1. Just name the residue that is nearest to LEU138 (Cα to Cα) out of those in the stretch 170-208 that are in a strand (DSSP E or B) and not hydrophobic (A, V, I, L, M, F, W, C).
2. Suppose we filter the stretch 75-109 for residues that are more than 24 Å from LEU162 (Cβ to Cβ), part of a loop (DSSP other than H, G, I, E, B) and more than 19 Å from the chain's Cα centre (by Cα); how many remain?
3. Cβ contacts < 6 Å: first residue within 18 Å of ALA79 (Cβ to Cβ), restricted to the stretch 120-147; second residue at pLDDT 95 or above and aromatic (Phe, Trp, Tyr), any location; separation 6+ or different chain. Result?
4. Does ARG167 qualify as being among the basic types (Lys, Arg), part of a helix (DSSP H, G or I) and surrounded by fewer than 15 Cβ atoms within 10 Å (Cβ to Cβ)?
5. Looking at the stretch 81-92, is at least one residue at pLDDT below 95, small (Gly, Ala, Ser) and either loosely packed, with under 11 Cβ neighbours inside 10 Å or at positive phi (or both)?
6. Among ARG179, ARG211, which is modelled with pLDDT under 95 and in contact with a helix residue (DSSP H, G or I) (Cβ under 6 Å, 6 or more places away or on another chain)?
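The values are calculated or read from the model by the stated rules, or taken from the named source; none is laboratory data. Since the model is a prediction, treat every value here as computed from it, not as a measurement. Glycine also receives a Cβ, built like all others from the backbone with ideal geometry; neighbour counts cover every protein chain displayed.
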Amino acid sequence: MQQRAIPARRFEPPASSLQPPPYVEPLLLVAALLTIAVGGLSMRLGPRWPRRLFFRAPGGVIIHHTATGGHVEGKRVDAALIATWHERRGFSAEYRGGTYHIGYHYVILPDGNLERGRPDWMLGAHVRGYNDYLGICLVGNFDAAANPGGAQQPAEPTREQLDTLVRLLKDLMVKYRLRPGDIYQHCDLAATACPGDRFPMKEVLRRLEQR
């Protein structure tokens, strides 16, 4: 008597085993929300947002020069004039109901007068990737290659500028718990000569360390 072959049954797991564990979807949702939140904080506070969020402090301070003389086309170079330059370059941004065109947070004039630019808590527009740092700009062209004969004055920071800069840096260091190692020149963070080889960074750091 010939036996009939019994076809093999394909194993099919129960439908319940195909479903992810119940805790997976909430975890994915939390991860997505965290990603969105971190992205938003980075856009609002900069790449070093934990420092600004938890310690209420900028990443550091970056020093610039205007790479101009104290007057351009008969106009005194100050925060207001720099703001017009930066507005043309598209640096304008809104912050807490106000519009700011200048990308720096502070400007120091040759006579030592200090002018405010953007508020400290507003991201700057002065170094790509480091705009969560405060930007301080001294009026003058301190680069020997770009201003070899010193036609653009001041060709090096004036004593009044340096005194104001050191006082400002000391205040910011106390206010935001910064160290001398948190103070940079523009050229330390980007391919530029700013603030020029005539800028006495070593002197500034020495005076800060003597505080």
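1. GLN185
2. Of the residues in the stretch 75-109, 1 are more than 24 Å from LEU162 (Cβ to Cβ), part of a loop (DSSP other than H, G, I, E, B) and more than 19 Å from the chain's Cα centre (by Cα).
3. These pairs meet every condition: ALA125/PHE91; HIS126/TYR104; GLY135/TYR104; ILE136/TYR106; CYS137/TYR104.
4. yes
5. no
6. The match here is ARG211.
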